[in-house]
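All remarks here apply to the structure that follows.
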Amino acid sequence: MRPFHYERPRGLEEAIAGKTEAARFLGGGTNLIDLMKYDVERPASLLDLTRLEGLREVERNGEGALRIGALVTNADAAAHPLVREHHPLLADAILAGATAQLRNMATMGGNLLQRTRCYYFYDRQTPCNKREPGTGCPAKDGVNRIHAILGTSEHCIATHPSDMCVALAALEAVVVVRGPSGERRIRMEDFHRLPGDTPERDTTLDAREVVTAIEIPAGDYGRHHTYLKLRDRLSYAFALVSVAVAMELREGRISRLRVALGGVAHKPWRVKEAEALLEGQAPEEECFGAVADRLLQGARGYGHNDFKIGLARLAIARALHQAAAAAPQSHVAKRIA
Amino acid sequence: MPDDLSPRGPETVALSLTVNGTSHSLHIPVWTTLLDLLREGLGLTGSKKGCDHGQCGACTVILDGKRVNSCLVLAASRDGSEVRTVEGLASPDGALHPLQEAFIKHDAFQCGYCTPGQLCSGVALLEEGHTRTEEEIREWMSGNLCRCGAYPNILAAILEVARKEGRA
Amino acid sequence: MMHHPLIGTPQDRVDGRAKVTGAARYVADFETGAEVLHAHVLNSAIATGRIRRIDTSRALAVPGVVEVFTHENRPRTAWFSSAYKDDVGPPGKPLRPLYDASIAYSGEPVALVVAESYETARYAANLIEVEYEAKPHETDLLKQLPNSYVPKKRRSGINPPPRPKGSAASALENAPVKHVARYLIAAEHHNPMETHATTVIREADGKLLIHDKIQGAYATKHYVCSVFGLSEDAVRVVSPFIGGAFGSGLRPHYQLFLAVMAAMALERSVKLVLTRDQQFTIAHRPETWNEIALGAKPDGTLSAIRHKAVGSTSRYEDYQEAVVNWTNLLYSAPDVELEYELVQLDIETPSDMRAPGAPLGAFAAESAMDELAEKLGVDPLALRLHNDTQIDEVMNKYHTSKELRAACQLGAERFGWRHRPLAPRSMRQGRELIGWGLAFGAWEAQMQKHAARVMLDAEGHCTVGVATADLGTGTYTILAQIAAEALGLSMNKVTVLLGDSALPQAPVSGGSWTAASAGSAVHDACARLKAELLLAAQTRNDSPLVGAKLEEVMFDRERIVLMRDPMRAVSLQAAFAAGGRPRIVADGQAGPDQLTQLRYSSHTHSAVFVEARVDEELGQVRVTRVVSAVAAGRILNPKTARSQVVGGVVWGIGMALHEEAMPDHNLGRWMNHNIAEYHIPVHADIHEIDVIFAEEKDLLTSPLGVKGLGEIGIVGTAAAVANAVWHATGRRVRELPMTIDKVLGLTPARTEAR
C-alpha cells in the first residue's frame, strides 16, 4: 500500500473536519485494506473511526423504526435480538455474505460502501473506468460472468456486491449521514447510484460525509420474507443473483411487497411497479412471472452473464414463493426451500 | 484517485498489544497488518499468509475474543487489543487444546498450512456455539479454505469436541 | 512374524503436533526479523511484445528500497536456456526471468524490488513505470484448434498415444450403437494454500541456504547450481514442510531464480513470497478439448474407441500429459484410435496438476460411457464391467495386479448402487432431483530411483533421512512406520528427516510414486542396518545369536530375537556394546525394476460413486454423498491413505462444479486471479466422503507392495459428478465446471458453437 497519514479523530466533528477527498474513514477495513494492498485505493490519510463512541448501538424508536449504528459489526447486527425479531431478512442477508471472520470485522457503515468485485477494477494493470476514469471498460467484451444486466452504461457494467444492501433496499432503509453542514437522511434507493458516465462514484455520499447509522422503518415483515442467494459455490462466494423479498400478508392477500435484486446492477435493484403488481393480490405462483418480467425489463447480457436474466427470473419466482410460504431461505441449510 | 507523487516511507506509530498473554510495546510502520506484525515483527509464524486479502482464512486469529482475518487488520487500529494465535491454543505446560488433539486424531490436515487458521476459527466457533449441526459447522467454517480437502476430517474433529463439551 | 505390526495400521501423523501448534516451518516462516530483505515482483501487463522503456527511479527513491532489478541491470547468469532446464521440464526453452525485453505471457516478471520490508517492496513496485510495445496475442484454445499439432519431441516420462489399432473410423461407421461428443475442461490453477516462495539465507562464507517451495530439494539445488554456476557444496536446500503443491512445486519457478539472484547480487538474505495473484502466473492445468466416439454392439460390447484430446501449451515449451491413453487402458476394443495434440498460446507453460491429464480424459471417456449406456438402455456399471479388460491394451502388457472389480463391488455395495433406477429424473425429494452416477479411474503406479539413510543408536533412537518432500501426503509418517516396524521400535523412537538436499538423493515427490519408492528405499536401508546389527550382536562368542542368519531373527521391542527360540535374544544395547560402535548407519536404495517394467503395466484403479442433488428450477448442485473405492496395492497407513483419497475426491468435486481460470482473450490474461473469484470447494460444499480400499496383493510394483495414492482420488470424480447430475436432471453437461447456468442450460456449450 501507499504511505498514508493515520489519525484517530476523537469525535465525529473532528472526523468530518479532517475528511478530504483524499482521505478515507477506517471502519472494519475488510474492503479498504484489501483494496489498498491491491493499490486500487490510495488514500493520503486514514481516519480511524473504530474508537468513536455512540455509533455501536442498536435501538428501536417510538415509531418502531430500528436504528443501527454505523460501527455495529455485521456479525453483531445479524445476531442482535431486535434485528432478528423485527427484520430477520436483514440478518439472513448479512449471514449469506462473506464469512464469520469477515462479518466480525466488517461494519454496517462500511458494508454500505463496499466496492465492486469486478475483476478489472481490482487489477491495476488493466483499464477500468471506475478505478481510472477514461481508461475504458474491458469487462463489456471481456470476462463478465459476475457483471450487471440492468442499469449498465457504456462506461461500466460493474455490480454492487453487498448482500446486506439488498435486504436494506427491500426494507426501504434510510442511511443517516453527517457532514460539515449537519445530518442528512438518504433513502436506500438514492444512496447507491448507477454508473452512468461517472462510474467512479458508487454512492451519493459527499466526500466529507460520514455514515452514522442505518434506520429501518417499521414493517410487518417478520414472517413473510426471504433472502435467496445463488452463487458459484455453496458458501463464501458473491451472488450471481440474489433476491430479497419482504412481504406483508393480510387475510391471504399481499398488502405490501418489496423486492430487491442483488448481483445484477450497480446498486440493489428495485422496481416499484413490479411490487405493485402483486399488492392486493393473493400470492399465486402464476403471478410471480409478471413480477420477474417487470423487474427485469430492459435487462441485457454481455456474453458470459447472459444467463443471469434467465436465472434471475427463476430466482425471483422462487423467492416470492418462499416469502409467501413463510419459508425463508436458511443460510445454513443449503437445500433451497 | 489522487496519486501520491513523492516516494516516501511510512509513518510510524506506537502500539501496545497482548499476544497469547504476553504484552508487547511496539513501534511499527503504520501500514503494518496484524498478520505481518505477528509473523515478521514478533516471529509468531504460526499464523499463515495464504492470500493476504481475506479470501482464505489461513491468517485467522482470535482478536479480543472474535475470530478475524489478521491480514486485513491494520495493527495500528488495535492498540490495547488482545490476540490469541495458534501458538497460544495449547496451555503453557504444553498440553494441547482439545481441538488440537482432535485434529491429530481425525487427521484433520494434510499439508498443515491452513491448520492454524482452521484451529483458531474452530476454537472461536465452539465458543460462539455454531456447532449444533453438521450443516451449521460447515457453513460457519466456510471462511477457512483447505486445498488438501481435509474438510470431512475437520468437521469430525470439531464435532467430537462440540459433543464432549455439550455443544452439539 | 511381527509382534507389533505398524505397516497397515492407522497411525496419527508424526508431524501432527508440529502442525497443530504452528511449530511446523514453511518457506516464509524462516528468517523473520530485520536481517532479511524482502522482495516483490512486478509482472507484465501485456501478453506478448516487449518492454520499450522501464523507469525504476521512483521505486528506487523510496526509503528502504535496496535495489530494483530489471532486464537492463540484472546480474549476468547462465546465457543459454539449456542451463535453466529443470529435472522434469517439458521440451522447449524454459523461461529465463528478466532475461531480456521480450514478453512471453501476461504475468511474466518484469522487475524485482528488494527492500527492507515487504510493504516497502510492494509499494515501490507500484511506482515502476513500464512502457510496452504489445504484439498480437492468442489465448483462445478453441479458436486455435485448427492449428493443433503432434508435439515433435515427446516429454520424458509421458507416453504418447499408441499407434492406431485396426480402423476406428470404419468400425464406428458399422457400429449399431454409437456415441460421439465433445467435452471441454477449463484451465485450473493449483492454488496450494501456501503460495510459492523462496527464502535465501546467505551465510557468512557466501554459501546459500535455500528454503524453497519445491516438491524435492534436489530439483532446486540442481537448478540453482546450473543457472548460477555454483558448485554443489555452495548450495543447500532445506524445505521440511510444504504447504501443498499438487504439482505446482515440481519445477522451480521464477521466484527461486529471482530470490537467489538478488541474494547473490546484494550479498544479503532475501525472502520472496509470491502473492496469491502471482500464483496465477506460474503454472496451471491446461484447458483441454476432447472429442470421443464410441461404437458398440447391441449387447454393449465396445467395437471402437476414438478419443482425441487437444491441450494448450505455451509458446516456449511443449507441455505434455497423458490424456487419452486411459480410455483404452480401462476398456477393451478391437479398433482404437487415440490422439493427443497441442495448441500453442501466449500463456505461461502449463504444469502437472494432481493426476495430470487423467481426470481430463476420464471426464470425456467416463461421461461418454454413461451416454453410451443410456443409448443402450443398460446400467452404466454393467456396461463398464462388460468392457473391462484384464490386460493393458495400450502397452500390450499384463497388469501387475488389478482389483478394480473387487473395489467396484465393495463400492457399489456401500453406495447402494443396485437400488438405482435406470431412468434419469426418477428420484426426488421436494424440489431437489437426486441422481446417482459413477465413473472409473486409473493412475500409474511407478517407482523412481530413491536413496535413503537410516541411523540407529544403542538407545534405540532411529533417524531416517530421504531428500523427498512431504507435501501433506503423510510421507513423514509412513517412513516412520516402515523403519519402526523393520527395526522393532516404537514409532516415537523414530525421527524422519525430509526435504533437505544434504540427505540421500530423491527426485521430486509426485506422480504418486513417493510411498512406494522412498518407502522401499527406507525398507532396504533397514534391512542392511539389521544385517550389520546382527553381526555386531554376534561379535562375542557367547552371543545367544551365534550362527543365526538374518532371516532367522526378528527385531522386536528393541531386541534381536531368534525366532525359533525367542528366549535367545540380544538387546540393542548389548548388540551395540558388543559391536563397539555408538551407532550404525546404513544406506538403502530402491528403483524401478527394468524387467518387471518390460513385462508388466502397473496402475491403481478406482470406482467412484456420487450422489448429487440438484434444485430442479434453480440448478444448484449439492454433492451429498461419495464413495470412492480404490485398489492401490498395500495400504501403509489407512488413516493418512484415506485422507489422500478424500482430498482427491474434493478436488474432483471442485473440478466438476467450481474451478475455472477465466481468460480475457482481448487482454490475454487470466482475470479471476484470486481465490475469492477462482472458486475451490469450501466446507459447505463437501459432505460425506467414504473411502474403501480393496485388498490387492502386488509383489511386482514395489518391494513393499505399495502403489501410491496421491492422484487416484481425483481421476474419475468429476465424471461421476457429471453422470450423477445427468441422472438427477436428464441434462448432460459436457463442459466443466458445471456451474448453475450450465446445469440449467442457460449458457450455450462452447464446443457446440463451432
Wholly within region C:254-355, strands (runs of 3 or more DSSP E) carrying at least 3 residues that are of a type in the set (Ser, Thr, Tyr) and not assigned by TED's automatic domain parsing to the domain that holds C:Gly510 | C:302-313
Only helices (runs of 4 or more DSSP H) wholly contained in region B:94-168 count here; list those with 3 or more residues that are under 23 Å from A:Arg233 (Cβ atoms).
-> B:115-128, B:134-140, B:151-164
May I ask you to verify whether B:Glu128 is crowded, with 24+ Cβ neighbours inside 10 Å, closer than 22 Å to A:Asn104 by Cα and either at pLDDT below 95 or charged (D, E, K, R) (or both)?
-> no
C:Ala83 vs (1) surrounded by fewer than 17 Cβ atoms within 10 Å (Cβ to Cβ); (2) of a type in the set (A, V, I, L, M); (3) at pLDDT 95 or above: all pass except (3)
Pairs, please: C-beta under 6 Å, at least 6 apart or cross-chain, first residue at the interface with chain A (Cβ under 10 Å from one of its Cβ atoms) and touching a residue at least 24 places away in the same chain (Cβ under 8 Å) and in region C:653-669, second part of a loop (DSSP other than H, G, I, E, B) and among the acidic types (Asp, Glu)?
-> C:His665/C:Asp140
The number of residues in region C:585-628 that are modelled with pLDDT under 95 and in contact with a Leu (Cβ under 6 Å, 6 or more places away or on another chain) is 1
For region C:32-59, the count of residues that are in contact with a Pro (Cβ under 8 Å, 6 or more places away or on another chain), within 30 Å of C:Glu203 (Cβ to Cβ) and at the interface with another protein chain (Cβ under 8 Å from one of its Cβ atoms) equals 1
Of all residues in region A:124-137, which are away from chain B (no Cβ under 12 Å) and touching a Phe, Trp or Tyr at 6+ places or on another chain (Cβ under 8 Å)?
-> A:Thr126, A:Pro127, A:Cys137
Selected residue (criterion: nearest to the chain's Cα centre (by Cα)) from residues of region B:16-39 that are over 16 Å from B:Glu87 (Cα atoms), away from chain A (no Cβ under 13 Å) and not hydroxyl-bearing (Ser, Thr, Tyr) | B:Leu26
Just need a number here: residues in region C:535-589 that are part of a loop (DSSP other than H, G, I, E, B) and among the β-branched types (Val, Ile, Thr).
-> 2
Conditions: (1) of a type outside the set (A, V, I, L, M, F, W, C); (2) assigned to a helix (DSSP H, G or I); (3) surrounded by 23 or more Cβ atoms within 10 Å (Cβ to Cβ). C:Glu532 meets all but one. Number of the miss?
-> (3)
Residue under evaluation C:Pro703, criteria (1) over 30 Å from C:Ser520 (Cβ atoms); (2) more than 14 Å from chain B (Cβ to nearest Cβ), criterion not met = (1)
Has region A:136-155 got any residue that is farther than 24 Å from A:Gly97 by Cα and among the basic types (Lys, Arg)?
-> yes
Of the listed residues (A:Thr116, A:Thr73, A:Thr99, A:Thr107), the one being away from chain B (no Cβ under 14 Å) and closer than 30 Å to C:Thr275 by Cβ is A:Thr116
Quick one: C:Arg76 ticks every box in (1) within 30 Å of C:Gly243 (Cβ to Cβ); (2) away from chain A (no Cβ under 14 Å) except a single one, so which number is it?
-> (1)
If a residue has to be under 25 Å from the mean Cα position of the chain (by Cα) and charged (D, E, K, R) to count, how many in region C:454-505 make the cut?
-> 2
Counted residues, region B:103-119 - those being within 22 Å of C:Pro638 (Cα to Cα), buried (at least 24 other Cβ atoms within 10 Å of the Cβ) and either more than 7 Å from every other protein chain (Cβ to nearest Cβ) or small (Gly, Ala, Ser) (or both) | 2
Quick check: anything in region C:18-27 under 26 Å from B:Gly9 (Cα atoms) and surrounded by 21 or more Cβ atoms within 10 Å (Cβ to Cβ)?
-> no
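Per-residue answers, yes or no, for (1) assigned to a loop (DSSP other than H, G, I, E, B); (2) out of contact with any Cys (no Cβ under 9 Å at 6 or more places or on another chain); (3) of a type in the set (A, V, I, L, M):
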site: C:Thr477; (1), (2), (3): no, yes, no
site: C:Ala483; (1), (2), (3): no, no, yes
site: C:Ala486; (1), (2), (3): no, no, yes
site: C:Asn492; (1), (2), (3): no, yes, no
site: C:Gln505; (1), (2), (3): yes, yes, no
site: C:Ser517; (1), (2), (3): no, yes, no
site: C:Asp524; (1), (2), (3): no, yes, no
site: C:Arg528; (1), (2), (3): no, yes, no
Test: residue in region B:149-164 that is surrounded by 19 or more Cβ atoms within 10 Å (Cβ to Cβ), of a type in the set (S, T, N, Q) and either touching a residue at least 40 places away in the same chain (Cβ under 8 Å) or at the interface with chain A (Cβ under 9 Å from one of its Cβ atoms) (or both) | yes
Tell me, which helices (runs of 4 or more DSSP H) wholly within region A:119-224 include 3 or more residues that are within 30 Å of A:Gly252 (Cβ to Cβ) and among the aliphatic types (A, V, I, L, M)?
-> A:164-170
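Results for (1) assigned to a loop (DSSP other than H, G, I, E, B); (2) among the charged types (D, E, K, R), shown as yes or no for each residue.
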position	(1), (2)
C:Pro703	yes, no
C:Gly710	yes, no
C:Ala718	no, no
C:Ala724	no, no
C:Arg731	yes, yes
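Go through region C:589-624 residue by residue and tally those that are of a type outside the set (S, T, N, Q) and away from chain A (no Cβ under 14 Å).
Number satisfying all stated conditions: 14.
The values are calculated or read from the model by the stated rules, or taken from the named source; none is laboratory data. Keep in mind the model is a prediction, meaning the values are calculated, not measured. Glycine also receives a Cβ, built like all others from the backbone with ideal geometry; neighbour counts cover every protein chain displayed.
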